[in-house]
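Q: Have a look at this one.
The values are calculated or read from the model by the stated rules, or taken from the named source; none is laboratory data. All values reported here derive from a predicted model rather than from experimental measurement. Cβ sites come from the backbone with ideal geometry, for glycine too, and all protein chains shown count toward neighbours.
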């Protein structure tokens, strides 16, 4: 079974860990958000690409969900002595990734080629694609003015009230090579439990991707990142509330209703099933909280089973 997955960072990487173990080698293609990318100290940093790659390579810092396990921060501390900003933590081994990527880009390579080089070097079997080789940057309009996403999320700890979200560059950005092909060829398409506004939103804003997903609507499954009215990771709930959206699995379903055929919600939200079905979406109910590796594989296997049921004509 060929699977295409749309992913952000920490929340998505948990499910991707499970999918990577529940699918045969080479059958999983991951399209990753690059709207969070930032330049610091002259280096191109791609947080979501790196989180996904480090997770599937088995080197991620499990306690944070980002960075490399056991990394040190001597370079960051030294940069601070020179008066440079250190609010965005970059570990010493993590810096090697950014130096490698930035050098490749300076030599005329694409972001896709950088991602492929890093994936291969770390021994990851799943295909990892940036959503676009062209720069798309998420900017958050807040009560304190317009902020680049990482400034809003990391530097200001997602505290300012959000009034609008912009994806600068998305209107002219083309999907990276292989993205539309992976969506068209997939037996099933998974939208990971990522923030629908700033993790999946930028991917769908790239020219042609939303239409490609919508054309496969019956084969698309999303896992709600909201459980019991709160986000399991990141500021999804706060951002949705700031923008006047209902903070619930139903609110998530409303955002995806035109491109997703089925949503997987947690048992805590089972009472919302009928309301979601009235939107024209099928609903599957299971435990979606992933605390252990076993949880991740179980949810991934459950997600894949939704496609197998559809293929066999069995009831959902």
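Q: Spot the failing condition for residue 265; the list is (1) assigned to a helix (DSSP H, G or I); (2) buried (at least 16 other Cβ atoms within 10 Å of the Cβ), and only one is missed.
A: (1)
Q: For segment 202-238, which positions are surrounded by fewer than 24 Cβ atoms within 10 Å (Cβ to Cβ), within 14 Å of residue 162 (Cβ to Cβ) and in contact with a strand residue (DSSP E or B) (Cβ under 7 Å, 6 or more places away or on another chain)?
A: Matches in segment 202-238: 237 only.
Q: If you go through segment 56-107, how many residues are within 25 Å of residue 18 (Cβ to Cβ) and part of a helix (DSSP H, G or I)?
A: Of the residues in segment 56-107, 4 are within 25 Å of residue 18 (Cβ to Cβ) and part of a helix (DSSP H, G or I).
Q: Filter segment 21-32 down to the residues that are touching a strand residue (DSSP E or B) at 6+ places or on another chain (Cβ under 7 Å) and in contact (Cβ under 8 Å) with a residue 60 or more places away in the chain, then identify the one that is farthest from residue 200 (Cα to Cα).
A: 23
Q: Condition test on residue 297, is it over 25 Å from residue 204 (Cα atoms), crowded, with 17+ Cβ neighbours inside 10 Å, touching a helix residue (DSSP H, G or I) at 6+ places or on another chain (Cβ under 9 Å) and touching a residue at least 60 places away in the same chain (Cβ under 8 Å)?
A: Working: over 25 Å from residue 204 (Cα atoms): yes; crowded, with 17+ Cβ neighbours inside 10 Å: yes; touching a helix residue (DSSP H, G or I) at 6+ places or on another chain (Cβ under 9 Å): yes; touching a residue at least 60 places away in the same chain (Cβ under 8 Å): yes.
Considered against the rule, which asks whether it is over 25 Å from residue 204 (Cα atoms), crowded, with 17+ Cβ neighbours inside 10 Å, touching a helix residue (DSSP H, G or I) at 6+ places or on another chain (Cβ under 9 Å) and touching a residue at least 60 places away in the same chain (Cβ under 8 Å), residue 297 comes out as yes.
Q: Ok, one more. Could you pull out the residue among 134, 174, 116 that is within 19 Å of the chain's Cα centre (by Cα), surrounded by fewer than 16 Cβ atoms within 10 Å (Cβ to Cβ) and at pLDDT 95 or above?
A: Exactly one of 134, 174, 116 is within 19 Å of the chain's Cα centre (by Cα), surrounded by fewer than 16 Cβ atoms within 10 Å (Cβ to Cβ) and at pLDDT 95 or above, namely 174.
Q: So how many residues does segment 177-197 have that are in a helix (DSSP H, G or I) and either touching a residue at least 24 places away in the same chain (Cβ under 8 Å) or within 17 Å of the chain's Cα centre (by Cα) (or both)?
A: 6
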